[in-house]
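All remarks here apply to the structure that follows.
The values are calculated or read from the model by the stated rules, or taken from the named source; none is laboratory data. Remember, predicted model here, so these are calculated numbers, not experimental data. Reconstructed Cβ throughout: ideal geometry from the backbone, glycine too, with neighbour counts over all protein chains shown. Remember, those area values only see protein heavy atoms, side chains included, never the ligands or the DNA or RNA. Shrake-Rupley method; radii C 1.70, N 1.55, O 1.52, S 1.80 Å.
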Amino acid sequence: MATSVLCACLLLSQAITPEMIDHARAGAEAQEQGRLDDAIREFHKVTELQPASAAGHANLGNAYFLKGDYRASIPELEEALKIKPNLMGTQRTLGVVLLVLGDADRALPHLEMTGAPDLLGVAYYRTGRFGSAIVALEAALEAKPTDPDLLYYFGSATALASKRTHDQLIRIKPETASQNPSPPEPGNSPSADVVSLQKALALKPDDPKLLRAFSRASELASQQTFEKLLQSNPGSARSHQVAAERQAADGHLREARLEYAAVVQLNPYTPDVHLALGKLFAEDGNWPAAIAQYRVECELQPANPEPAYHLGSALLKTGDAAGALEQFAAADKLRPETPRILLALGQAALAANDPTRAEAAWALLIRIDKDGEDAAAAHVRLAALYRQQGRVKEAERESAAYEQMKNRKGR
Amino acid sequence: MSVIPTWFAGVVSIAAAALAVFAQGPALTATPQVRYPDHDAAAMLAERKQQQLKTVDQFKVFYDFQFVDRITESGITFVSHIVDDAASDYKPTHYDHGTGIAVADVDGDGLYDIYFVSSTGGNELWKNLGGGKFKNITAEAGVGVPGRISVSAAFADIDNDGAPDLFVTTVRGGNILFHNDGHGHFTDITIESGIDGKAHSSGAFFFDYDRDGLLDLLVCNVGQYTGEHIGAQGQHVAYPDAFFGHMFPERYEFPVLYKNLGHNRYRDVSAEVGFRPVGWCGDGSFTDLNGDGWPQVFVLNMQGASHFYENHAGKFTEETKRYFPQTPWGAMGIKFFDYDNDGRMDLFVTDMHSDMWENVGPEDEKKKAQHPAGEDLLMGPRSNFIFGNAFYHNLGAGKFEEVSDRMGVESYWPWGPSVGDLNADGWDDIFIPSGMNFPYRYGINYLMLNNRGQKFLDAEFILGVEPRKGGQTHTPWFELDCSKLTRDAPDYYAKPCAGQTGKITVMSALASRSAVIFDLDNDGDLDIVTNDFNSRPQVLISNLSERRQIHWLKIKLIGTVSNRDGLGATVRLTAGGRTYMKYNDGKSGYLSQSSLPLYFGLGEAAQVDRIEVDWPSGIKQVVPGPIRANELLPIEEKR
């Protein structure tokens, strides 16, 4: 009997009724006419009539997305996909929403289902998977060779991949790092060269020759891509962003700030620009300005822990321990068990007179990180805390642990 | 933030790009022709012919005659044309469902003229000159419907003036109602008629639902399978997920029932009569199963459960579960007819879409489909559906038995059936235009001879319908520039380009979509004309009357209290000790309603003993015999 009731519920759950159709069509019409609040209301009715309708939840989530209410869109899109995982449009929309909000890790599986190289490239980039980003973005650039966003991400990914590969090569074979690599094959574009090398590296990730060749090729590709961006899209937000980054790398902080300001003027929603500006202000010691920029970035990317982390650091610097603690806690929630976040969280907690919370954060850090530099710092801070509290034995234990780490690493 | 970041909007706006590099056009003899898929259809057909010829000893009915394609001799030069969505910009979409063909004597000369519907390029009306010859009178008739994507056609006399009027449906272009002046000149009266709305219209038929003597109109609308982007033929380009549209409630469209108010005016009465079937409706028909005179309606759902409506003095209630608890999941074509001459209307529904889930070979075409989809895509439990054609044998008292497999009427890729007594033996036979085109293999048209009501036997090879004229199985479909193919091109573009550079002509399998059975050359036997997809029609002329002496009677109903066409009348004819029953629904085939006399094959009987007519008005009329066979008998309703 229970089974038949459940089956009946499932049957009912799949039935489309004229009333559902009327509301769904009214919602679609309202959406088409830009009346998004009406569309949301109508699609809500569809989900009320038919809670198990994947299309109903997908439409509702999409309407929220179009309205810009990304947080409201997420549960609806997720519900739609729970009912029907192969709704590719919904997978894409959810991936986009999460990407916009700064949660590239969550966005990635959804975007991987859709296979859209442009969005995948951005998601891979933001999750630090530069090799995959390069391959995806190169494919995307085939269709849109002068797209400024794609060029920017490709140039950045190749630059970061080059650096990472170079660091890896130094670790494996320091003596080969400075040798000249084989010249690129004639007729190959730098991008194609990088992609083919990336694919070869994926099969042999520790091959020194490949690492060296890839590092050089991607550095070259990065330079050429940024040049192409500057030539094909002069005066664009992305070209100013590239200019800003170059200025900052050269230590021209004032010029970098001006370039970032130009980016913001052209497109205030470019992710990470306010973060970068904030860092420049912070370097200058202009904390109020840095804090303002960090706050904007937090709004833009509420699912990205980086802006929250930097905001917390700035607030701590300016004596707002409670505010800092709030931000570090938010960052920790977004990216749990991250050593440097836990370290900072502990500092803020202590500054906010919450030593218990500080202790918990640092103890967790040590359990996760064990031998890392942040763990070392945590040992030191715990030792200080315990001494303050008269917990001598525990203080000595932490000091000893720190000394052990220092000796192991030859500090 | 409440605004989508523009950087992001720029990335998001990278929508799926159309393969705009391809150009559709006539094949250039200079370009290599590449068949896709590379399937040896000729060998397959030869094998099937051999197999079918071995079955002749099963036939208890006459089969020793042939159909020959006389398209060239007919003078008909019509070629149906399609949109890019079914060719160079291929995507699985309802645009590949084809178009109808309808017949009527538009100018009252006693010869039946043919109206061919084409997706693009305009429809054509061909006047029957007699002797199997035709002439294009589209321009003077004014029924070309240029600039719209046409789908179906229905002829019927909407104002009872004795001339068949014409209704044409389109995809989002608005449907058109033409008034016939009696001389084959048509005037577009759509606006004044009140028939409005632009939907993804499909099949339509006239019938008198409220028995007021005026023909009402039911229009099937499929559902939103297109978006807002306009393609090269002026069509709304189809969604890439068109065939999943039934899972989205916002994409549904309802069929519309228009009441004839008189003076060529119509009004949408769907809501007030309780007619709101949910589904993707491609076609439908009407009948009177309970003999109460009020026509019932069966509307097909090509992606889910179909709907049968009882008519209670002009109000409708859905009674599908009571009559037909299981319906074909992908219902595409329909015909009510009395296959076993027991005086009760039976029902044949063809199922096309169930066959689209897996490609099977000829050896499995007579089996029901193994539909792999889950209940979420089926929109109901599997037990609701038949995954193949359904043949409902009427047991009386509203009971039906589904006997498709026992009766041998399962087939592959069927569109809609056309029914007629092709060997004039008193048993109605079935012709099913079938097959998909690019990117599928060649699929045959089916001709099933009624073996005295016991079974239908496949006879398309025996009777010369297959193979086609000259053994042709493929036709040029579109040009493809292989040098511009992208890396992610689908197989149906990539494989023809294998080893090729530059332009090629992709060849597609031929396939028919709709057909009409009528005595084209007035020699007494029934011929078949098809409307093929993106190619020219077949004019299949029967030589039955040359092969043997046949007996038949054509009855032209003329209503006086009832609608003039007599649509909805039941005719019982007794000859040679047997009684034959036909219901006048005009349903000549898929996406088509024609204005034709009822054709009764009489077998060996040389005269008719009695004819009874139950008119829609309620008048019952008897025409006593003897009535000589082999003539056209007009029967005017007696008040």
- Kindly give the semi-axes, whole Å and largest first, of the ellipsoid equivalent to the protein assembly as shown, taking each as the square root of 5 times a Cα gyration tensor eigenvalue. 71, 31, 25
- Query: So which residues in segment A:21-65 end up with at least 40 square angstrom less accessible surface once the other protein chains are there, compared with the chain by itself, probe 1.4 angstrom?
  - Reply: A:ILE21, A:ARG25, A:ALA55
- Take the alpha carbon atoms of segment A:21-39, find their center, do the same for segment B:380-458, and report the distance between the two centers in whole angstrom. 42 Å
- Message: Checking an interface number: how much accessible area is buried between A and B, summed over both chains, with a 1.4 Å probe, in Å² rounded to 100?
- Response: 3300 Å²
- Message: Can you give me the C-alpha center-to-center distance between segment B:615-639 and segment B:545-608, rounded to a whole angstrom?
- Response: 11 Å
- Query: How about segment B:179-279: which trypsin sites (Lys or Arg not before Pro) there lie in a loop by DSSP and see at most 16 other Cβ atoms within 10 Å?
  - Reply: B:LYS198
- Note on the structure: The percentage of the accessible area of the protein assembly as shown (probe 1.4 Å, all protein chains present) made up of carbon and sulfur atoms, to the nearest whole number, is 52 percent
- Tell me the GluC sites (Glu not before Pro) within segment B:332-426 that lie in a loop according to DSSP and have at most 11 other beta-carbon atoms within 10 Å. B:GLU358
- Task: Considering only protein heavy atoms, with the full assembly of protein chains and a 1.4 angstrom probe, order B:ILE137, B:ILE619 by accessible area, largest first.
- Result: B:ILE619, B:ILE137
- So, relative contact order of segment A:306-410 in percent, Cα under 8 Å, 6 or more apart, is 17 percent
- Query: Put +1 on the Cβ of each Lys and Arg and -1 on the Cβ of each Asp and Glu in the protein assembly as shown; which of A:PRO85, B:LEU480, B:HIS179 then has its Cα farthest toward the positive end of the dipole?
  - Reply: A:PRO85
- HN-Hα J in Hz across segment A:252-265 - Karplus 6.51, -1.76, 1.60, θ = phi - 60°, x for Gly and Pro: 8, 5, 5, 5, 4, 4, 5, 5, 5, 4, 5, 4, 4, 5
- Message: What is the angle, in °, between the Cα long axis of helix B:41-53 and the longest principal axis of the Cα atoms in chain B? Nearest 10 is fine, range 0 to 90.
- Response: 30 degrees
- Note on the structure: Comparing each residue of segment A:264-283 in the complete protein assembly with the chain by itself (heavy atoms, probe 1.4 Å, ligands and nucleic acids ignored), those losing at least 50 Å² of accessible area are A:TYR269
- When the charge dipole of segment A:116-234 is computed with +1 on Lys and Arg Cβ and -1 on Asp and Glu Cβ about the Cα centre, the Cα farthest towards its positive end, among A:TYR152, A:LEU197, A:SER222, belongs to A:LEU197
- Measuring from its Cα centre, segment A:303-411 shows a charge dipole (+1 at each Lys and Arg Cβ, -1 at each Asp and Glu Cβ) which, in debye to the nearest 20, is 340 debye
- Sequence-distant or interchain residues sharing an amide H contact under 5 Å with B:SER508, placed H: which? B:THR475, B:TRP477
- Karplus (6.51, -1.76, 1.60) ³J(HN,Hα), θ = phi - 60°, over segment B:573-578, in Hz, Gly and Pro reported as x: 10, 10, 8, x, x, 10
- Note on the structure: Counting only protein heavy atoms and rolling a 1.4 Å probe, one gets per residue an accessible area for segment A:236-295 in Å² of 45 Å²
- Rel. contact order, % - alpha carbon contacts under 8 angstrom, at least six apart, chain B: 16 percent
- Regression test value, accessible area per residue of segment A:116-234, probe 1.4 Å, units Å², expected 48 Å²
- Message: Just to confirm my numbers, what's the Cα centroid distance between segment B:342-373 and segment B:160-233 in Å?
- Response: 30 Å
- Message: Tell me which of A:LEU334, A:ALA361, A:TRP287 sits at the most positive position along the dipole axis of segment A:278-370, charges placed on C-beta atoms (Lys, Arg +1; Asp, Glu -1).
- Response: A:ALA361
- Query: Given +1 on the Cβ of Lys and Arg, -1 on the Cβ of Asp and Glu, and no further charges, what dipole in debye does the protein assembly as shown carry about its Cα centre, rounded to the nearest 20?
  - Reply: 3340 debye
- Item | Within the protein assembly as shown, helix-based [θ] at 222 nm, where runs of 4 or more DSSP H residues each add -39,500 (n - 2.57), nearest 500 | -11000 deg cm²/dmol
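List the trypsin sites (Lys or Arg not before Pro) within segment A:361-405 that DSSP assigns to loop and that have no more than 13 neighbouring Cβ atoms inside 10 Å.
For trypsin sites (Lys or Arg not before Pro) across segment A:361-405 that sit outside H, G, I, E and B with at most 13 neighbouring Cβ atoms in 10 Å, the list reads A:LYS370.
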- Item | Probe 1.4 Å, accessible area per residue of chain B, Å² | 34 Å²
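Suppose every Lys and Arg Cβ carries +1 and every Asp and Glu Cβ carries -1, with no other charges. What dipole size does segment A:81-166 come out with about its Cα centre, to the nearest 20 debye?
So the magnitude is around 280 debye.
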- Item | GNM flexibility winner over chain A from A:ALA123, A:ALA401, A:ALA52 (Cα, springs under 10 Å) | A:ALA401
- Rel. contact order, % - alpha carbon contacts under 8 angstrom, at least six apart, segment A:1-107: 17 percent
